[in-house]
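Here the structure comes first, spelled out in structure tokens, and everything after it is commentary.
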Amino acid sequence: MEETATLAGGCFWCTEAIFKRLKGVTSVIPGYTGGVLDDPSYEEVLRSGTGHVEAVQVKFDPRVLSFQKLLEVFFALHDPTTMNKQGYDEGTQYRSAIFYRNDKQKKIAEEMLKPGYVTEIRPLTRFYPAEEYHRNFYENNPDYPYCRVIIDPKIQKLIQDFPGDLKT
């Protein structure tokens with residue numbers, strides 16, 4: 001039985017590229033959540049004031065990949081100690097957040113939160129998929145400067161730190 005996690009850890013191009021590489025992940029959709037505006041656009045979220053974050057909706061097989069392991073990767077591959085900032089990306093839309101779907105996810109997230117982490121743990125209310133051009137961004141634009149400078153090192157860290165959890 002498939003489960004879904006909704007995570008925000010900076011730019012969704014990065015988080016999508018990372019989670020797609022994990023064994024047990026069946027799909028990753030970039031999008032927006034946590035705000036007040038219905039069906040926001042990238043430009044609206046970028047300008048801020050909507051309360052939304054760039055997030056990914058990760059569907060996974062818990063028999064292959066546990067929610068806890070997913071969060072281990074999540075915390076390892078972004079900085080959960082910086083408020084509204086991930087690397088060069090700054091603004092409330094880049095904050096660290098876990099949007100839980102049930103009490104089990106909430107409990108695991110709370111147990112994994114370490115002192116100094118600013119990661120929000122909130123119930124998921126609504127997830128809005130991002131515009132089509134954001135999907136598979138890394139795979140479709142491997143030579144884009146952001147991909148080479150920001151995403152490539154994150155993928156190398158994933159390969160180094162979680163080799164047994166990667167798709168072959």
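The values are calculated or read from the model by the stated rules, or taken from the named source; none is laboratory data. As the structure is a computational prediction, the values presented were derived from the model and not from experiment. So basically every Cβ, Gly included, is an ideal-geometry build from the backbone, and we count neighbours across all protein chains shown. To get the accessible areas, we keep the full protein, side chains included, count just its heavy atoms, and leave off ligands, DNA and RNA. Shrake-Rupley method; radii C 1.70, N 1.55, O 1.52, S 1.80 Å.
Only protein heavy atoms count here; under a 1.4 Å probe, residue 150 has an accessible surface of about 30 Å².
Applying the Karplus relation 6.51 cos²θ - 1.76 cosθ + 1.60 with θ = phi - 60° to region 36-50 yields 3J(HN,Hα) values of 9, 8, 6, 6, x, 9, 4, 4, 5, 5, 4, 6, 6, x, 7 Hz, where x marks Gly and Pro. Computed on protein heavy atoms with a 1.4 Å probe, the accessible areas place 83, 1 in the order 1, 83, largest first. About its Cα centre, the dipole of region 35-168 is roughly 520 debye, where the only charges are +1 on Lys and Arg Cβ and -1 on Asp and Glu Cβ.
How large a share of the accessible area of the chain, in percent, is made up of carbon and sulfur atoms when the probe is 1.4 Å and the other protein chains stay in place? Ligands and nucleic acids excluded, carbon and sulfur give 51 percent.
Using the 1.4 Å probe convention, the accessible area of the chain works out to 50 Å² per residue with neighbouring protein chains retained. Which log10 I(q)/I(0) values, to two decimals, does region 75-168 give at q = 0.21 Å⁻¹ under the Debye formula with one point per Cα? For the requested q values the scattering log ratios are -1.37. Mean separation of Cα pairs under 8 Å and 6 or more residues apart, divided by the residue count, gives region 9-168 a relative contact order of 31 percent.
Using a ≥ b ≥ c from the Cα gyration tensor of region 1-72 (square roots of the eigenvalues), is it rounded, prolate or oblate, where a/c under 1.5 gives rounded and otherwise the larger of a/b and b/c decides, a/b for prolate? Taking the square roots of the gyration eigenvalues as a ≥ b ≥ c, region 1-72 is prolate.
Label zone of residue 41 (point 7 Å out along Cα→Cβ, amide N under 13 Å): in region 111-144 this covers 131-132.
Qualifying chymotrypsin sites (Phe, Trp or Tyr not before Pro) in region 51-106, where qualification requires a DSSP coil assignment and no more than 16 other C-beta atoms within 10 Å, comprise 88.
For 151, 121, give the ranking by accessible area with the largest first, probe 1.4 Å.
121, 151
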